[in-house]
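*Asks:* A single structure is presented below for examination.
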Amino acid sequence: MKKYIVSFLVVSTFGLYALYLRSVGDASSAAVSPAPVAETSIPAPTPISAPTPVPTPTPVKVPTPTKPAGQYKDGVYTGVSANAYYGNIQVRATISGGKLTDVQFLDYPQDRGTSVRINSQAMPYLRQEAIQAQSANVNTVSGASDSSGAFRQSLASALEQAKNS
Amino acid sequence: MKRQKIIMGMTVVVEIADRHATEETSEKIFSYFEYIDQKFSTYKADSEITGINDGLIKPGGYSADMQEVFRLSEETKKQTGGYFDIRTPEGTYDPSGLVKGWAIHNASKMLLKDGFNNFYIDIGGDIQACGKNNRKEQWRVGIRNPFRPETEIVKVLSIEDRGVATSGTYARGEHIYNPHARVPSANGIVSLTVIGPDIYEADRFATAAFAMGKDGIGFIEKLDGFEGYMIDKDGIATLTSGFEKYTL
């Protein structure tokens, strides 16, 4: 029973922190590190560290524009580090021939966290597992071709620089 | 016979296991997707959807296909509590979250009508699989590892007469992307795969459920005839209760 109370506290804290992040994160693209989640075995489920700001990125290089064929000037532009709630996403856009030709990720949330317990508390009827690489032969593969809001935000800011520089 | 072509900025793959399939069979399907792209692409200055967004085409002047897509979008918006919405924050319309699945579904019906029963159609990772593969087994569909999208799969599905769609955040390392894709921040979820009765159903509900973040998999669980596999940013997957009947 005690475990459940502690779990509840963890979930509540996480939820409130999420709301806080959302209210802050929406207003600006301020970089905020992911919510540090306490383990259920730790009695006080408070965030361990405060959000740390990430230095404002600057364009990496602005080469001499070559005859622009599109709406952007050729070069390599770094977007803002945008808050994806679970971490930050930052991209670098390459423009050549006036067109966006490549996007690289400088920052992408991949760190292992401890949100597993929270998931299982929220959805006890759904089973969970750690993903594992499979080697079987397949006919085809299903995957995402979408992009996240934070990705778009970072890319948009990179493209804004490509327009104005 | 397996053929592929780049349409709508995505790889379109048509594999037909029926022996009487010819190049013409897949050409007909490719032409249909080109027609759809020409009508619904928000990137094309002369597409119907761009005309609508520019105010040049009024509701009374929509083509039958456009009317159908708007009707289905409205219906899906209601069924998903507003999580699916083709209206962008800028006030324009972007039906891409539904058109792809709808078009694959229509193309599958064209093949079935022409007497082909064993095939799959894949556009950018959204798949309709009908009948059996060349080995007379169910079609095997991998689920891409969102953290290593180019090299790894994390699950193998075995399906027949089903649609499989995956919504997710942009994955590192890929070079095909859609800078205008309107996918809300997913609160720690990087990939959500939905198996549904057909690709139209799987695609629209994958789009909506992904927008719901962590609650999305619970939404899929509640839908009859649908199963889901959600992967979070820590590499932990959550499965719906009937998902494993499709896994190998």
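*Asks:* Take the conditions aromatic (Phe, Trp, Tyr), in contact with a helix residue (DSSP H, G or I) (Cβ under 8 Å, 6 or more places away or on another chain), within 18 Å of B:GLU201 (Cα to Cα) and touching a residue at least 60 places away in the same chain (Cβ under 8 Å) and apply them to B:TYR32. Does it pass?
*Replies:* no
*Asks:* Tell me, yes or no, whether the stretch B:97-120 has at least one residue that is within 17 Å of the chain's Cα centre (by Cα), among the polar types (S, T, N, Q), at pLDDT below 90 and within 20 Å of B:ILE7 (Cβ to Cβ). Steps first, answer last, please.
*Replies:* Filtering the stretch B:97-120 down to residues within 17 Å of the chain's Cα centre (by Cα) leaves B:97-109, B:119-120.
If we keep only those that are among the polar types (S, T, N, Q) as well, we get B:106, B:108.
This time we only want the ones that are at pLDDT below 90, so: none.
So far as the stretch B:97-120 goes, no, none of its residues is within 17 Å of the chain's Cα centre (by Cα), among the polar types (S, T, N, Q), at pLDDT below 90 and within 20 Å of B:ILE7 (Cβ to Cβ).
*Asks:* Further question: Only one of A:GLY113, A:GLY143 is at pLDDT below 65, within 16 Å of B:VAL190 (Cβ to Cβ), of a type outside the set (A, V, I, L, M, F, W, C) and open to solvent by less than 40 Å² (accessible area, probe 1.4 Å); which?
*Replies:* Values: A:GLY143 fails: at pLDDT below 65.
Going through A:GLY113, A:GLY143 in turn, just one is at pLDDT below 65, within 16 Å of B:VAL190 (Cβ to Cβ), of a type outside the set (A, V, I, L, M, F, W, C) and open to solvent by less than 40 Å² (accessible area, probe 1.4 Å): A:GLY113.
*Asks:* Across the stretch B:220-230, which residue is farthest from B:PHE243 (Cα to Cα) among those that are open to solvent by 30 Å² or more (accessible area, probe 1.4 Å) and under 18 Å from the mean Cα position of the chain (by Cα)? If you could, list the steps in order and put the result at the bottom.
*Replies:* Step one: list which residues in the stretch B:220-230 are open to solvent by 30 Å² or more (accessible area, probe 1.4 Å), which gives B:221-225.
If we keep only those that are under 18 Å from the mean Cα position of the chain (by Cα) too, we end up with B:223, B:225.
Numbers: B:LEU223: 12, B:GLY225: 10 Å.
It comes out as B:LEU223.
A quick yes/no check of all residues on (1) outside any strand (DSSP E or B); (2) open to solvent by less than 10 Å² (accessible area, probe 1.4 Å); (3) at the interface with chain A (Cβ under 7 Å from one of its Cβ atoms); (4) at pLDDT 70 or above:
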position: B:THR151; (1), (2), (3), (4): yes, no, no, yes
position: B:LEU157; (1), (2), (3), (4): no, yes, no, yes
position: B:GLU174; (1), (2), (3), (4): yes, no, no, no
position: B:ASN178; (1), (2), (3), (4): yes, no, yes, no
position: B:ALA186; (1), (2), (3), (4): yes, yes, yes, no
position: B:VAL194; (1), (2), (3), (4): no, yes, no, yes
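*Asks:* Got a sec? Which helices (runs of 4 or more DSSP H) wholly within the stretch B:9-120 have at least 3 residues that are open to solvent by 70 Å² or more (accessible area, probe 1.4 Å)? Steps first, answer last, please.
*Replies:* On the way: elements: B:23-40, B:48-53, B:64-79, B:96-113.
Hits in the stretch B:9-120: B:23-40, B:64-79, B:96-113.
*Asks:* Of the residues that sit in the stretch B:128-149 and are of a type in the set (Lys, Arg) and at the interface with chain A (Cβ under 10 Å from one of its Cβ atoms), which one is most open to solvent (accessible area, probe 1.4 Å)?
*Replies:* B:ARG135
The values are calculated or read from the model by the stated rules, or taken from the named source; none is laboratory data. Source: prediction; values computed, not measured. Positions of Cβ are backbone-derived with ideal geometry, glycine not excepted, and every protein chain shown enters the neighbour counts. Each accessible area value is taken on the protein alone, full model and side chains, heavy atoms only, with ligands, DNA and RNA left out. Shrake-Rupley method; radii C 1.70, N 1.55, O 1.52, S 1.80 Å.
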